[in-house]
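Single-structure report; data block below.
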Amino acid sequence: MKKPSAKIRDEIAKLQEQLKIAETREAERIGRIALKAGLGEIEIDEAEFQAAFEQLTKRFRGGQGGTTGGKRGAGDSSGATSTTAVESGPNAGRAGEA
């Protein structure tokens, strides 16, 4: 049995609202952790901050990388890069606050 397009649109709208709520909850959690770690005071460019978080994500996923297909180079898996990501990553939480 096929669903009418209006019903499908309603379901999509409900799912989009659920997604928005889940993303807000995740952003608040990450922001709280970043602030507790003292990362809110670090000044860093937003693009550099996002790249650092992507490297951190890759590190904790065991080198699998993120699912967003963001900016990642072949050299991101080096240990030195991961250390940099941890140091610069805290500012990303600050961006989540705004």
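The values are calculated or read from the model by the stated rules, or taken from the named source; none is laboratory data. These figures come from a predicted structure and were not determined experimentally. Positions of Cβ are backbone-derived with ideal geometry, glycine not excepted, and every protein chain shown enters the neighbour counts.
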Practice problem: Any chance you could count how many residues in the range 19-28 are without any contact (Cβ under 8 Å) to a residue 60 or more places away in the chain and either hydrophobic (A, V, I, L, M, F, W, C) or closer than 15 Å to F53 by Cα (or both)? | Solution: 4
Quiz item: Of the residues that make up the range 63-83, is at least one modelled with pLDDT under 50 and in contact with a Leu (Cβ under 8 Å, 6 or more places away or on another chain)?
Solution: yes
Practice problem: Considering (1) in a helix (DSSP H, G or I); (2) charged (D, E, K, R); (3) at pLDDT 50 or above, say which one K2 fails and leave the rest. | Solution: (1)
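Within the range 37-46, how many residues turn out to be free of Cβ contacts under 8 Å to residues at least 24 places away in the same chain and either within 18 Å of A27 (Cβ to Cβ) or surrounded by 12 or more Cβ atoms within 10 Å (Cβ to Cβ) (or both)?
0
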